[in-house]
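Asks: After the structure tokens below, expect a handful of questions from me.
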Amino acid sequence: MAIASLTLPIFFSAIFVHLLTLSIAQKELRYSYCENRRGNFSAGSPYHDNLNRVLSSLSSDTENDHGFYNASFGENPDHVFARALCRGDVEPATCRSCISDTSNLRASVCPNQKEAILGYDECMVFYTNRSIFGVIETSPRLWLWNPVNASDPASLSATLRTLLDTSRMQAAAGDSLRKFAVNDAVASDFTRVFVLTECTPDLSEQQCLNCLDQIIEEQPDCCTGRTGGRVIAPSCNFRFENYRFYNITPV
């Protein structure tokens, strides 16, 4: 079952998306949000053509192996800015394939919105009609959670707070190619907790910390009592689970 795009009133700061088990092979997106407040475009318009050109360029850049792609094309008012970020442990070929699959589904999921965020577990694509390079983008934010309840929520939460604090600093300390960190620890109830944090590497160390701090603050509202969950923003994201969902070391 595909996840439908969600449109919430303007006073909501986050979009709530139930975590489903999908795969890229199914050609179904894990999450998507089409931002209607940024304006719309018509099929065949200059913005439409520029968007298709930019999205195609993201996945066709075979010289880039670090998993972050940034591109823009056109002139105002039809200038399109786009970025794609792959999870830091994903192989380059898988990364580009994920970005291509995501971009190919754009038309059916967000057919005429000038701004949208969509993706799979392995990659995220974000595009808009304003400059975004080197800018902290924490909206829209997507909340996803594991439907399974934790057996000892207090124990998991205590371990999770420590892991997220460590991982946020490690990710922010990354270089201009990758800002990504993974960690795990055993909670007091003997449940192992796995954590991932990531920023787009166009951010400075302090910008990455600021971005992660904003979304980590939402973890209690998003995912308290769950065995897993995540908050995704255009510039950063974090995820935790009670199983390893990433490769042991980044590529």
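The values are calculated or read from the model by the stated rules, or taken from the named source; none is laboratory data. Since we're looking at a predicted model, the values are computed, not measured. Methodologically, a virtual Cβ is constructed for each residue, glycine included, from the backbone with ideal geometry; neighbour enumeration extends over all protein chains shown.
Asks: Give me the pairs: first residue in the range 190-205 and basic (Lys, Arg), second residue surrounded by fewer than 23 Cβ atoms within 10 Å (Cβ to Cβ), beta-carbon distance under 7 Å, and six or more apart or on different chains, which are they?
Replies: Cβ pairs passing all conditions: ARG192/ASP184; ARG192/VAL186; ARG192/ASN242.
Asks: Among the residues of the range 94-130 satisfying the criterion of being closer than 16 Å to LEU142 by Cα and out of contact with any Leu (no Cβ under 9 Å at 6 or more places or on another chain), which is surrounded by the fewest Cβ atoms within 10 Å (Cβ to Cβ)?
Replies: Looking at the filtered set, the residue picked out is GLU122.
Asks: Any chance you could count how many residues in the range 83-93 are surrounded by fewer than 24 Cβ atoms within 10 Å (Cβ to Cβ) and aliphatic (A, V, I, L, M)?
Replies: So the answer is 2.
Asks: Which ones in the range 207-248 are under 20 Å from SER176 (Cβ atoms) and either in a loop (DSSP other than H, G, I, E, B) or of a type in the set (A, V, I, L, M, F, W, C) (or both)?
Replies: First pass over the range 207-248, keeping only residues under 20 Å from SER176 (Cβ atoms): 207-212, 233-237.
Of everything in the range 207-248, those that are under 20 Å from SER176 (Cβ atoms) and either in a loop (DSSP other than H, G, I, E, B) or of a type in the set (A, V, I, L, M, F, W, C) (or both) turn out to be CYS208, LEU209, CYS211, LEU212, ALA233, PRO234, SER235, CYS236.
Asks: Another one. Residues ILE132, ILE117, ILE136: which one is in contact with a strand residue (DSSP E or B) (Cβ under 7 Å, 6 or more places away or on another chain) and either outside any strand (DSSP E or B) or farther than 29 Å from ASN76 by Cβ (or both)?
Replies: Details: ILE117 fails: either outside any strand (DSSP E or B) or farther than 29 Å from ASN76 by Cβ (or both); ILE136 fails: in contact with a strand residue (DSSP E or B) (Cβ under 7 Å, 6 or more places away or on another chain).
Result of the check over ILE132, ILE117, ILE136: ILE132.
Asks: Out of the residues in the range 58-93 meeting the condition of being of a type in the set (Ser, Thr, Tyr) and at pLDDT 95 or above, tell me which one is farthest from CYS236 (Cα to Cα). Quick ask: steps written out before the conclusion?
Replies: Our first condition is that a residue be of a type in the set (Ser, Thr, Tyr); within the range 58-93, this holds for 59-60, 62, 69, 72.
With the extra rule that they be at pLDDT 95 or above, the set shrinks to 69, 72.
Numbers: TYR69: 14, SER72: 20 Å.
In this case the residue turns out to be SER72.
Asks: Find all pairs meeting these conditions: Cβ atoms under 9 angstrom apart; at least six residues apart or on different chains; first residue within the range 131-143 and of a type in the set (A, V, I, L, M, F, W, C); second residue exposed (fewer than 15 other Cβ atoms within 10 Å of the Cβ).
Replies: Short answer, once both residue conditions are applied: LEU142/PHE16; TRP143/PHE16; TRP143/ASP221.
Asks: Before we move on, is ARG53 in a helix (DSSP H, G or I) and over 20 Å from the mean Cα position of the chain (by Cα)? Spell out how you get there, then give the answer.
Replies: Working: in a helix (DSSP H, G or I): yes; over 20 Å from the mean Cα position of the chain (by Cα): yes.
Taking the combined requirement at face value, the residue satisfies it.
Residues are listed down the side, and each one gets a yes or a no for (1) modelled with pLDDT of 95 or more; (2) touching a Lys or Arg at 6+ places or on another chain (Cβ under 7 Å):
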position	(1), (2)
PHE180	yes, no
ALA187	no, no
THR191	no, no
PRO201	yes, yes
GLN207	yes, no
GLU217	yes, no
PRO234	yes, no
ARG239	yes, yes
ILE248	no, no
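Asks: Taking the criterion of being part of a loop (DSSP other than H, G, I, E, B) and among the basic types (Lys, Arg), would at least one residue in the range 173-193 satisfy it? Can you show your working first?
Replies: Kept after step one, since they are part of a loop (DSSP other than H, G, I, E, B), are these residues of the range 173-193: 173-178, 187-191.
Now drop any that are not among the basic types (Lys, Arg), which leaves 178.
Yes - at least one qualifying residue is present in the range 173-193.
Asks: Related question: Looking at the range 49-72, which of the residues that are free of Cβ contacts under 8 Å to residues at least 40 places away in the same chain and either buried (at least 18 other Cβ atoms within 10 Å of the Cβ) or of a type in the set (Val, Ile, Thr) (or both) is nearest to PRO92 (Cα to Cα)?
Replies: Looking at residues that are free of Cβ contacts under 8 Å to residues at least 40 places away in the same chain and either buried (at least 18 other Cβ atoms within 10 Å of the Cβ) or of a type in the set (Val, Ile, Thr) (or both), I get THR62.
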